[in-house]
Amino acid sequence: MKRLTQLIAGTVLLFGVGMLSAETPDVMEIVERANQASYYAGEDGRSEARMRIIDGRGREQVRQFTLLRRNGEDGRQDYLVVFSRPSDVRGTVFLVDKNPGGDDDRWLYLPGLDLVRRIAPGDKRTSFVGSHMYYEDVSGRHLEDDEHELIETTDEHYVIRSTPKDPGSVEFAAFNTWVDRETWLPMKAEYERDDGEIYRRMEVLEVEEIDGYPTGTRMRMDDLDEGGHTLVEFRFSRYDLGIPADVFSERSLRNPPRRWLQRD
Amino acid sequence: MLKFSKQTMLMAALLAMAVPGQADDWDDDPWDDDPWDDDVSAFEWYGFIEGAAGHRLQSNPVIGDDFSLGELRLQLEGRYEGDVATWRMKLDGIADGVTDELDAELREAMVSFPFGDRTDVRLGRQVLTWGTGDLVFLNDLFPKDWESFLIGRDDDYLKGTSDAARISWYGEHINLETVITPLFEPDRYPDGQRLSYFDPMQGDIVGAPPRLRGVKPPRTAENAELALRLHGRAGAQEWALYGYRGFFPQPSAFDPESGQFTFAPMNAIGGSLRGPLAGGLYNLETSYYDSRDNRDGDNPLLPNSEIRFLAGFEREMVTNFTLGAQYYLEWLQDYSALRRNWPMDPATLPDERRHLATVRLTWRMMRDNLIVSLMNFYSPSDDDYFIRPTVQYRHTDQLQFNAGINLFGGSDASTFYGQFEENSSVFARLRYSF
């Protein structure tokens, strides 16, 4: 009888814990899985991307580039971004060694001067190539920079509220992220000022499953102060291509690796 | 006056071309009708048309024209990707209102291809750059076009072209770059036509005519230029060692027999480091210039051997505001021999050590569509300066505007920046890219 009670209690406990974690996983688990889903899918990846940048006065600019990414150890990542449009930035190449917990190393190749310039490790919340996206939106914000709190669980989303540990280092007071419960992709994020006013919004408009990984293929970043926005579209994405580590080197800055840049 | 009206017409023509450039080829449903679905064509071409004008801030007593820059430039760039090799060509056509000439300049004509797994080769006319300085060059002895920079052309034109073979070998940890330039190519230096300069032989500032023309060394295999760079990374730190055999890139030697300026033979070795430091980036670079025909340093008509040293630091101080600072030293190695044998006015004898400090402030605004920069060179030993405020505005992907001031000054007409005092100018450029 005692054994049975123990068994039942144990089963209930196990089952209950299982239920509990399926219903409301730990907030850190959610943000880590969301981070994995949006920035670390696969061992490596290749994608073509296009940005349509529209400023508050309706003027439009375009950026088109191919992005290569490779995951390393302990959350490290390498990125190589090769621009193909517009004509005056064509041939520009951007290389990033992402170091979670430290400064990223960044280089820029300017073909007109044949110059490999190193970029000072500065504020990551500044415009990425003239768009409304920040560098940090492209390569991911370090999870340990914010306190995270699960504020709501809807049928589709976990809503996470993140508050910066060092409020002086960023322009927002907090941001809320809507994480899809099925794919773990962050589908929307809204950035607030001290007074709670939302001034910046990211939305994923389309998700496709590619090589087994749910991938945001269309997204939009809105600047609600100025009224401008940037639309980003990813195409020809592939994962787990086996891109070697040495592709992310000075050689590729000066001579972009055609084998890995071309579509299949 | 005639030139002025011609420039006005050129600018008007440029503006007329530029205005319809904002054509919107995408409708509200983005991307659908756009060519990115199509296979990328193996051949592509693009380019720009640019109007540029530069006017002196004061009249120059030795140059009649108050315009130092006035031109309409068309650049066409073509690129063909073959199965193995990539072919590239960049050709400029220039209607020059200062010289009253139509001119063509081949900026690039090259083929690049891999050779085995670890080697990339680039053959033909190309632009070459290495080293760590910001507008200060030690081990980068590839040709510079100082004239273009000092009159206000785009920064790209600071680098001249080389007809060269570049062979880049990439190893596991060490990489070796070899550049062979069969025919020595000097800098393009102020020659008196657009910019006056100090002539040590005459002891005075001079302008053209006659234009300063350095006599290039004979075209022999012996006189080919060889430049080497051994480089790698240790974590976030970058290191490089450099070697060079060729000539001083400026006509700093004088041949008394022919009465001509020439380029003295030199060897150079050096090294550099670059990496993150204190939330910013540091760079250190040094080089030794061996004046091969003047190893004792007692010939004042040939350059002295030199040690050059550079230390720099750059950091984003607040969001979108970057500060860069450099200290640079040129140290003549046989100074007492030079002083003993100096035949000209002792007042024009250079200092043993030339110290130079640079400060660059950069503000980026409007998502980098507006960039304001202030570059400042100051030499406490020469007591001269060069201040260069610039503004860059990107109106659209097609239309970009640049303007700036080149302000030179110093207490002595014989020093590097002091000699250019009367070349101080304001410049503006409008570029339409396609």
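Bear in mind these aren't lab numbers, they're just calculated from the coordinates by the rules spelled out. These numbers were taken from a predicted model, which means no experiment stands behind them. Cβ: placed from backbone, ideal geometry, glycine included. Neighbour counts: every protein chain shown.
Pairwise Cα distances in the protein assembly as shown exceed 42 Å in 34 percent of cases. Per residue, chain A reaches -5500 deg cm²/dmol at 222 nm when only DSSP H runs of four or more residues are counted, each adding -39500 (n - 2.57). Exposed loop GluC sites (Glu not before Pro) only (DSSP loop, at most 12 other Cβ atoms within 10 Å): please give the longest stretch of chain A free of them, not including the sites. By the stated rule (loop sites, at most 12 other Cβ atoms within 10 Å), A:74-155. Across peptide A:117-128, the average count of Cβ atoms from other chains found within 10 Å of a residue's Cβ is 6. Here chain A is described by how far its Cα atoms reach on the three principal axes: 83, 45, 32 Å, from widest to narrowest. Partner shielding of A:241-250 amounts to 2, given as the average count of beta-carbon atoms from other chains within 10 Å of each residue beta-carbon. The phi torsions of the stretch B:75-85, fed into the Karplus equation with coefficients 6.51, -1.76 and 1.60 and a -60° offset, translate into couplings of 10, 10, 10, x, 8, 10, 9, x, 5, 10, 9 Hz, rounded to whole numbers, with Gly and Pro shown as x. Going 7 Å from the Cα of residue B:202 along its beta-carbon direction, which residues of the stretch B:49-64 have the amide nitrogen within less than 17 Å of the resulting point? Inside the label zone: B:60-64. Exposed loop sites here mean GluC sites (Glu not before Pro) with a DSSP loop assignment and at most 12 other beta-carbon atoms within 10 Å; chain B contains its longest site-free run at B:258-434. Under the definition of Cα pairs under 8 Å and six or more residues apart, what whole-number percent is the relative contact order of the stretch B:257-376? Reported as a whole number, the value is 19 percent.
Average projection, convex hull of the Cα set of the stretch A:154-264: 10.2 square nanometres. Each listed q (0.10 Å⁻¹) maps to a log10 I(q)/I(0) for chain B, found by the Debye formula over equal Cα scatterers with no solvent: -0.82. GNM on chain B, alpha-carbon springs under 10 angstrom: the most fluctuating residue among B:103, B:83, B:155 is B:83. Pairs exceeding 27 Å between alpha-carbon atoms, taken from A:124/A:188; A:98/B:159; A:124/B:159; B:159/B:216; A:98/B:90; A:98/B:144: A:98/B:159; A:124/B:159; A:98/B:90; A:98/B:144. Across peptide A:98-104, the average count of Cβ atoms from other chains found within 10 Å of a residue's Cβ is 2. Taking chain B as a Gaussian network of alpha-carbon nodes connected by springs under 10 Å, the highest mean-square fluctuation of the residues B:85, B:165, B:357 belongs to B:85.
Note on chain B: helix-only mean residue ellipticity at 222 nm, from DSSP H runs of 4+ residues weighted -39500 (n - 2.57) and normalised by residue number, equals -2000 deg cm²/dmol.
Please report the relative contact order for chain A, taking Cα pairs under 8 Å with a sequence separation of at least 6, and give it as a percent rounded to a whole number. Dividing the mean separation by the residue count of chain A yields 20 percent.
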